[in-house]
Amino acid sequence: MWPGAEVPRAEPRPEAGLHGGGTRRCSDVCRLPAPAPAVTRERPSSVISVPGSPNGVGGRLGTMARAGMERWRDRLALVTGASGGIGAAVARALVQQGLKVVGCARTVGNIEELAAECKSAGYPGTLIPYRCDLSNEEDILSMFSAVRSQHHGVDICINNAGMARPDTLLSGSTSGWKDMFNVNVLALSICTREAYQSMKERNVDDGHIININSMCGHRVPPQSVIHFYSATKYAVTALTEGLRQELLEAQTHIRATCISPGLVETRFAFKLHDKDPERAAATYEDIKCLKPEDVAEAVIYVLSTPPHVQVGDIQMRPTEQVT
(Lines give C-alpha, C1' and ligand atoms only; values in the text may rest on other atoms or scores of the structure.)
Protein backbone atom coordinates (compact mmCIF):
# COMPACT_ATOMS: atom_id res chain seq x y z
CA MET A 1 0.00 0.00 0.00
CA TRP A 2 1.38 3.38 -1.01
CA PRO A 3 0.79 6.27 1.40
CA GLY A 4 -1.72 9.03 0.85
CA ALA A 5 -0.86 12.55 -0.11
CA GLU A 6 -0.67 13.78 3.47
CA VAL A 7 -0.07 11.79 6.62
CA PRO A 8 -0.79 13.53 9.93
CA ARG A 9 2.02 13.55 12.44
CA ALA A 10 1.63 10.67 14.84
CA GLU A 11 2.48 10.07 18.46
CA PRO A 12 5.44 7.77 19.34
CA ARG A 13 4.63 4.20 18.38
CA PRO A 14 5.21 0.74 19.85
CA GLU A 15 7.67 -1.67 18.27
CA ALA A 16 6.40 -3.97 15.56
CA GLY A 17 6.26 -7.75 15.33
CA LEU A 18 8.70 -10.31 14.01
CA HIS A 19 8.23 -10.26 10.24
CA GLY A 20 8.15 -6.55 9.82
CA GLY A 21 9.95 -4.92 12.70
CA GLY A 22 13.56 -5.78 12.13
CA THR A 23 13.70 -6.71 15.83
CA ARG A 24 14.85 -10.26 15.61
CA ARG A 25 18.58 -10.62 16.02
CA CYS A 26 19.84 -13.84 17.61
CA SER A 27 22.13 -11.41 19.36
CA ASP A 28 19.11 -10.07 21.23
CA VAL A 29 18.87 -13.23 23.31
CA CYS A 30 22.31 -14.78 23.52
CA ARG A 31 25.86 -14.10 24.62
CA LEU A 32 28.35 -14.99 21.92
CA PRO A 33 32.01 -15.98 22.30
CA ALA A 34 34.39 -13.29 21.11
CA PRO A 35 37.80 -14.68 20.13
CA ALA A 36 39.02 -11.25 19.06
CA PRO A 37 37.89 -7.69 19.75
CA ALA A 38 35.67 -6.11 17.13
CA VAL A 39 37.51 -4.06 14.53
CA THR A 40 36.86 -0.34 14.69
CA ARG A 41 36.95 1.28 11.28
CA GLU A 42 37.93 4.91 10.90
CA ARG A 43 34.95 7.02 9.88
CA PRO A 44 35.09 9.96 7.48
CA SER A 45 35.39 13.19 9.43
CA SER A 46 33.76 15.65 7.02
CA VAL A 47 30.08 16.25 7.62
CA ILE A 48 27.40 18.56 6.32
CA SER A 49 24.48 19.77 8.38
CA VAL A 50 20.92 18.54 7.80
CA PRO A 51 17.82 19.24 9.88
CA GLY A 52 17.91 17.41 13.20
CA SER A 53 15.11 15.43 14.75
CA PRO A 54 12.97 17.65 16.99
CA ASN A 55 12.72 14.93 19.63
CA GLY A 56 16.30 13.73 19.40
CA VAL A 57 15.34 10.36 17.96
CA GLY A 58 17.93 9.12 15.51
CA GLY A 59 21.00 9.59 17.71
CA ARG A 60 24.16 10.88 16.06
CA LEU A 61 22.57 10.54 12.64
CA GLY A 62 19.90 13.11 13.52
CA THR A 63 22.23 16.10 13.20
CA MET A 64 24.75 15.27 10.50
CA ALA A 65 25.05 13.85 7.03
CA ARG A 66 27.96 11.53 6.39
CA ALA A 67 30.47 12.64 3.79
CA GLY A 68 30.17 10.34 0.80
CA MET A 69 26.38 10.08 1.06
CA GLU A 70 25.79 12.92 -1.41
CA ARG A 71 25.84 10.53 -4.38
CA TRP A 72 22.85 8.67 -2.93
CA ARG A 73 20.67 11.74 -2.55
CA ASP A 74 17.25 11.30 -4.24
CA ARG A 75 18.00 7.69 -5.13
CA LEU A 76 15.83 4.81 -3.93
CA ALA A 77 16.53 2.38 -1.11
CA LEU A 78 14.35 -0.57 -0.15
CA VAL A 79 14.36 -1.46 3.57
CA THR A 80 12.56 -4.65 4.59
CA GLY A 81 11.17 -4.99 8.09
CA ALA A 82 10.92 -1.21 8.45
CA SER A 83 8.08 -1.05 10.97
CA GLY A 84 10.26 -1.05 14.09
CA GLY A 85 13.63 -1.70 15.67
CA ILE A 86 16.65 -1.76 13.39
CA GLY A 87 14.60 -1.47 10.21
CA ALA A 88 12.87 1.70 11.36
CA ALA A 89 16.17 3.22 12.51
CA VAL A 90 17.78 2.46 9.14
CA ALA A 91 14.83 3.89 7.23
CA ARG A 92 14.91 7.09 9.28
CA ALA A 93 18.68 7.45 8.83
CA LEU A 94 18.42 7.11 5.06
CA VAL A 95 15.62 9.69 4.86
CA GLN A 96 17.82 12.01 6.92
CA GLN A 97 20.50 11.59 4.27
CA GLY A 98 18.09 12.63 1.49
CA LEU A 99 17.14 9.26 0.03
CA LYS A 100 13.77 8.08 -1.17
CA VAL A 101 13.06 5.01 0.99
CA VAL A 102 10.47 2.29 0.43
CA GLY A 103 9.92 0.71 3.83
CA CYS A 104 8.02 -2.56 3.78
CA ALA A 105 6.42 -4.77 6.41
CA ARG A 106 3.34 -6.94 6.84
CA THR A 107 1.62 -4.02 8.57
CA VAL A 108 2.47 -0.44 7.71
CA GLY A 109 0.84 1.62 10.46
CA ASN A 110 4.14 2.17 12.22
CA ILE A 111 5.87 3.05 8.94
CA GLU A 112 3.16 5.59 8.13
CA GLU A 113 3.72 7.21 11.52
CA LEU A 114 7.48 7.25 10.97
CA ALA A 115 6.94 8.83 7.54
CA ALA A 116 4.91 11.59 9.17
CA GLU A 117 7.62 12.16 11.78
CA CYS A 118 10.31 12.41 9.10
CA LYS A 119 8.23 14.88 7.12
CA SER A 120 7.52 17.02 10.20
CA ALA A 121 11.22 17.01 11.06
CA GLY A 122 12.02 18.45 7.63
CA TYR A 123 14.30 15.63 6.54
CA PRO A 124 15.32 15.98 2.87
CA GLY A 125 14.29 12.45 1.90
CA THR A 126 10.96 10.64 1.75
CA LEU A 127 9.69 7.46 3.40
CA ILE A 128 7.14 5.45 1.40
CA PRO A 129 5.31 2.68 3.30
CA TYR A 130 4.53 -0.54 1.43
CA ARG A 131 2.62 -3.52 2.77
CA CYS A 132 4.38 -6.78 1.93
CA ASP A 133 4.33 -10.26 3.45
CA LEU A 134 7.90 -11.40 2.85
CA SER A 135 6.97 -15.03 3.39
CA ASN A 136 4.95 -14.81 0.15
CA GLU A 137 7.01 -14.60 -3.05
CA GLU A 138 4.11 -13.12 -5.01
CA ASP A 139 3.95 -10.24 -2.52
CA ILE A 140 7.67 -9.59 -2.99
CA LEU A 141 7.46 -9.67 -6.78
CA SER A 142 4.44 -7.37 -6.70
CA MET A 143 6.36 -4.91 -4.52
CA PHE A 144 9.33 -4.79 -6.91
CA SER A 145 6.93 -4.35 -9.83
CA ALA A 146 5.28 -1.40 -8.08
CA VAL A 147 8.67 0.16 -7.31
CA ARG A 148 9.69 -0.27 -10.94
CA SER A 149 6.53 1.31 -12.33
CA GLN A 150 6.29 4.20 -9.87
CA HIS A 151 9.92 4.87 -8.91
CA HIS A 152 11.94 3.28 -11.76
CA GLY A 153 13.77 0.78 -9.54
CA VAL A 154 15.95 -0.01 -6.54
CA ASP A 155 19.47 1.38 -6.08
CA ILE A 156 20.02 0.09 -2.54
CA CYS A 157 18.48 -3.05 -1.02
CA ILE A 158 18.72 -3.50 2.74
CA ASN A 159 17.55 -6.97 3.74
CA ASN A 160 16.69 -6.40 7.37
CA ALA A 161 13.46 -8.35 8.00
CA GLY A 162 13.64 -11.68 9.75
CA MET A 163 12.07 -13.77 12.44
CA ALA A 164 12.74 -16.38 15.10
CA ARG A 165 10.63 -19.13 16.62
CA PRO A 166 11.56 -20.97 19.83
CA ASP A 167 11.66 -24.31 17.98
CA THR A 168 14.54 -26.53 19.04
CA LEU A 169 16.26 -29.07 16.83
CA LEU A 170 15.06 -32.04 18.91
CA SER A 171 11.44 -31.06 19.46
CA GLY A 172 10.71 -28.01 17.31
CA SER A 173 7.82 -27.81 14.88
CA THR A 174 8.40 -28.13 11.16
CA SER A 175 6.14 -25.15 10.59
CA GLY A 176 8.31 -23.01 12.85
CA TRP A 177 11.44 -24.06 10.98
CA LYS A 178 9.76 -23.27 7.65
CA ASP A 179 8.66 -19.84 8.87
CA MET A 180 12.23 -18.93 9.80
CA PHE A 181 13.71 -20.34 6.60
CA ASN A 182 11.13 -18.64 4.38
CA VAL A 183 11.73 -15.17 5.80
CA ASN A 184 15.38 -15.27 6.87
CA VAL A 185 16.77 -17.11 3.84
CA LEU A 186 14.33 -17.29 0.93
CA ALA A 187 12.84 -13.79 1.22
CA LEU A 188 16.31 -12.30 1.55
CA SER A 189 17.45 -14.22 -1.53
CA ILE A 190 14.39 -13.22 -3.57
CA CYS A 191 14.80 -9.55 -2.65
CA THR A 192 18.49 -9.73 -3.52
CA ARG A 193 17.78 -11.28 -6.91
CA GLU A 194 15.05 -8.79 -7.77
CA ALA A 195 17.12 -5.82 -6.58
CA TYR A 196 20.07 -6.91 -8.73
CA GLN A 197 17.84 -7.36 -11.77
CA SER A 198 16.34 -3.91 -11.14
CA MET A 199 19.83 -2.40 -11.10
CA LYS A 200 21.01 -4.35 -14.13
CA GLU A 201 18.08 -3.42 -16.37
CA ARG A 202 18.72 0.29 -15.66
CA ASN A 203 22.52 0.01 -16.03
CA VAL A 204 23.03 0.92 -12.38
CA ASP A 205 26.62 -0.14 -11.69
CA ASP A 206 27.12 1.39 -8.24
CA GLY A 207 24.23 -0.15 -6.31
CA HIS A 208 24.56 -1.77 -2.91
CA ILE A 209 22.94 -4.79 -1.23
CA ILE A 210 23.26 -4.90 2.55
CA ASN A 211 22.20 -7.90 4.62
CA ILE A 212 21.49 -7.20 8.29
CA ASN A 213 22.70 -10.46 9.77
CA SER A 214 23.52 -11.41 13.37
CA MET A 215 26.46 -12.59 15.42
CA CYS A 216 24.49 -15.86 15.48
CA GLY A 217 25.59 -16.17 11.87
CA HIS A 218 29.18 -16.54 13.09
CA ARG A 219 28.81 -18.38 16.43
CA VAL A 220 26.32 -21.00 17.61
CA PRO A 221 25.21 -19.96 21.12
CA PRO A 222 24.43 -22.66 23.69
CA GLN A 223 20.69 -21.93 23.72
CA SER A 224 18.50 -24.57 22.11
CA VAL A 225 15.63 -22.22 21.23
CA ILE A 226 17.75 -20.33 18.72
CA HIS A 227 19.80 -23.13 17.15
CA PHE A 228 17.67 -23.33 13.99
CA TYR A 229 17.55 -19.55 13.85
CA SER A 230 21.35 -19.52 14.05
CA ALA A 231 21.47 -21.90 11.09
CA THR A 232 19.47 -19.42 9.01
CA LYS A 233 21.91 -16.67 9.98
CA TYR A 234 24.88 -18.82 8.97
CA ALA A 235 23.08 -19.10 5.64
CA VAL A 236 22.99 -15.30 5.40
CA THR A 237 26.75 -15.19 5.96
CA ALA A 238 27.29 -17.70 3.15
CA LEU A 239 24.77 -15.99 0.86
CA THR A 240 26.46 -12.63 1.26
CA GLU A 241 29.89 -14.00 0.37
CA GLY A 242 28.42 -15.97 -2.53
CA LEU A 243 26.72 -12.81 -3.75
CA ARG A 244 29.98 -10.88 -3.60
CA GLN A 245 31.66 -13.56 -5.72
CA GLU A 246 28.84 -13.64 -8.28
CA LEU A 247 28.90 -9.85 -8.59
CA LEU A 248 32.62 -10.05 -9.35
CA GLU A 249 31.97 -12.73 -11.96
CA ALA A 250 29.32 -10.48 -13.51
CA GLN A 251 31.95 -7.73 -13.75
CA THR A 252 29.75 -5.23 -11.98
CA HIS A 253 30.67 -2.69 -9.33
CA ILE A 254 27.50 -3.38 -7.34
CA ARG A 255 28.62 -4.17 -3.80
CA ALA A 256 27.43 -6.60 -1.12
CA THR A 257 27.90 -6.16 2.62
CA CYS A 258 26.89 -8.14 5.69
CA ILE A 259 26.37 -6.33 9.02
CA SER A 260 26.23 -8.63 12.05
CA PRO A 261 25.24 -6.89 15.30
CA GLY A 262 25.59 -8.34 18.76
CA LEU A 263 23.10 -7.65 21.53
CA VAL A 264 20.64 -4.98 20.32
CA GLU A 265 17.96 -3.55 22.57
CA THR A 266 14.72 -4.20 20.70
CA ARG A 267 11.47 -6.06 21.35
CA PHE A 268 12.82 -9.28 19.89
CA ALA A 269 13.31 -11.15 23.17
CA PHE A 270 9.71 -10.44 24.18
CA LYS A 271 8.53 -12.00 20.92
CA LEU A 272 10.77 -15.03 21.27
CA HIS A 273 9.92 -15.54 24.97
CA ASP A 274 6.33 -14.36 24.74
CA LYS A 275 5.28 -16.76 27.52
CA ASP A 276 8.10 -15.72 29.86
CA PRO A 277 8.33 -11.91 29.98
CA GLU A 278 10.72 -11.98 32.94
CA ARG A 279 13.21 -14.02 30.96
CA ALA A 280 12.78 -11.65 28.03
CA ALA A 281 13.35 -8.57 30.17
CA ALA A 282 16.46 -10.10 31.74
CA THR A 283 18.02 -10.34 28.28
CA TYR A 284 18.62 -6.59 28.23
CA GLU A 285 19.44 -5.96 31.88
CA ASP A 286 22.95 -7.38 32.23
CA ILE A 287 24.88 -5.03 29.94
CA LYS A 288 24.50 -1.82 27.99
CA CYS A 289 23.14 -3.06 24.67
CA LEU A 290 23.60 -1.71 21.19
CA LYS A 291 20.80 0.56 20.01
CA PRO A 292 19.05 0.23 16.64
CA GLU A 293 20.60 3.59 15.74
CA ASP A 294 24.07 2.08 16.18
CA VAL A 295 23.30 -0.43 13.44
CA ALA A 296 21.80 2.35 11.30
CA GLU A 297 25.04 4.29 11.63
CA ALA A 298 26.95 1.23 10.43
CA VAL A 299 24.69 1.16 7.36
CA ILE A 300 25.44 4.83 6.66
CA TYR A 301 29.17 4.18 7.07
CA VAL A 302 29.03 1.32 4.55
CA LEU A 303 27.10 3.39 2.02
CA SER A 304 29.42 6.37 2.46
CA THR A 305 32.59 4.49 1.53
CA PRO A 306 34.04 5.27 -1.93
CA PRO A 307 32.79 3.05 -4.78
CA HIS A 308 36.15 1.27 -5.02
CA VAL A 309 35.97 0.13 -1.36
CA GLN A 310 34.34 -3.24 -0.64
CA VAL A 311 33.21 -3.55 2.98
CA GLY A 312 32.47 -7.25 3.24
CA ASP A 313 31.46 -8.02 6.81
CA ILE A 314 31.01 -5.80 9.85
CA GLN A 315 30.70 -7.53 13.21
CA MET A 316 29.66 -5.24 16.04
CA ARG A 317 28.84 -5.97 19.67
CA PRO A 318 28.47 -4.02 22.91
CA THR A 319 31.79 -3.27 24.56
CA GLU A 320 30.64 -5.19 27.63
CA GLN A 321 29.58 -8.30 25.69
CA VAL A 322 32.46 -10.73 26.14
CA THR A 323 30.84 -14.17 26.34
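The values are calculated or read from the model by the stated rules, or taken from the named source; none is laboratory data. Only a predicted model underlies this, so the values are computations on that prediction, with no experimental measurement involved. For neighbour counting, all protein chains shown are included, and Cβ atoms are generated from backbone atoms with ideal geometry for every residue, glycine included. These accessible areas exclude ligands, DNA and RNA; they are computed on the full protein's heavy atoms, side chains included. Shrake-Rupley method; radii C 1.70, N 1.55, O 1.52, S 1.80 Å.
Take the stretch 74-106 and flag every residue that is touching a Cys at 6+ places or on another chain (Cβ under 8 Å) and part of a strand (DSSP E or B).
First, pick out the residues of the stretch 74-106 that are touching a Cys at 6+ places or on another chain (Cβ under 8 Å): 77-82, 92, 95-96, 104-106.
A77, L78, V79, T80, C104, A105 - these are the residues of the stretch 74-106 that are touching a Cys at 6+ places or on another chain (Cβ under 8 Å) and part of a strand (DSSP E or B).
Tell me the helices (runs of 4 or more DSSP H) entirely within the stretch 255-323 that contain at least 3 residues that are touching a strand residue (DSSP E or B) at 6+ places or on another chain (Cβ under 8 Å) and modelled with pLDDT of 60 or more.
Values: elements: 268-272, 277-282, 292-304.
Where helices (runs of 4 or more DSSP H) fall fully within the stretch 255-323 and carry at least 3 residues being touching a strand residue (DSSP E or B) at 6+ places or on another chain (Cβ under 8 Å) and modelled with pLDDT of 60 or more, they are 292-304.
Have a look at V225, V204 and point out the one that is touching a residue at least 12 places away in the same chain (Cβ under 8 Å), of a type in the set (V, I, T) and farther than 30 Å from R148 by Cβ. Can you show your working first?
Working: V204 fails: farther than 30 Å from R148 by Cβ.
The unique qualifying residue is V225.
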Is there a residue in the stretch 258-268 that is free of Cβ contacts under 8 Å to residues at least 40 places away in the same chain and basic (K, R)? no
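State yes or no: is S149 farther than 13 Å from L78 by Cβ, in a loop (DSSP other than H, G, I, E, B) and small (G, A, S)? Write out each step before concluding.
Working: farther than 13 Å from L78 by Cβ: yes; in a loop (DSSP other than H, G, I, E, B): no; small (G, A, S): yes.
It is false that S149 is farther than 13 Å from L78 by Cβ, in a loop (DSSP other than H, G, I, E, B) and small (G, A, S).
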I'm trying to understand the selection: among the residues of the stretch 147-159, which are out of contact with any strand residue (DSSP E or B) (no Cβ under 8 Å at 6 or more places or on another chain) and either free of Cβ contacts under 8 Å to residues at least 12 places away in the same chain or not charged (D, E, K, R) (or both)? S149, Q150
Scope the stretch 224-260; condition closer than 18 Å to M199 by Cβ and surrounded by 18 or more Cβ atoms within 10 Å (Cβ to Cβ); matching residues: L239, T240, L243, R244, L247, I254, R255, A256, T257
Out of all the residues in the stretch 103-120, which are in contact (Cβ under 8 Å) with a residue 60 or more places away in the chain and open to solvent by less than 10 Å² (accessible area, probe 1.4 Å)? C104, A105, V108, L114, A116
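Going through S135, S171 one at a time, which residue ends up being more than 21 Å from the chain's Cα centre (by Cα) and at pLDDT 95 or above?
Values: S135 fails: more than 21 Å from the chain's Cα centre (by Cα).
Exactly one of S135, S171 is more than 21 Å from the chain's Cα centre (by Cα) and at pLDDT 95 or above, namely S171.
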Looking for something in contact with a strand residue (DSSP E or B) (Cβ under 9 Å, 6 or more places away or on another chain) and of a type in the set (K, R) - is there at least one such residue anywhere in the stretch 128-146? yes
Looking at (1) part of a helix (DSSP H, G or I); (2) touching a residue at least 40 places away in the same chain (Cβ under 8 Å); (3) under 16 Å from V101 (Cα atoms), can you tell me which one G176 breaks? (3)
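Among the residues of the stretch 184-213 satisfying the criterion of being of a type outside the set (V, I, T) and not in a helix (DSSP H, G or I), which is nearest to V90 (Cα to Cα)?
Initially, the stretch 184-213 is screened for residues of a type outside the set (V, I, T), giving 184, 186-189, 191, 193-203, 205-208, 211, 213.
Subset that is not in a helix (DSSP H, G or I): 202-203, 205-208, 211, 213.
On the way: R202: 25, N203: 26, D205: 23, D206: 20, G207: 17, H208: 14, N211: 12, N213: 14 Å.
Here the answer is N211.
Conditions (1) open to solvent by less than 20 Å² (accessible area, probe 1.4 Å); (2) of a type in the set (D, E), marked per residue:
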position: G122; (1), (2): no, no
position: D133; (1), (2): no, yes
position: E138; (1), (2): no, yes
position: F144; (1), (2): yes, no
position: S173; (1), (2): no, no
position: K178; (1), (2): no, no
position: R193; (1), (2): no, no
position: M199; (1), (2): yes, no
position: R202; (1), (2): no, no
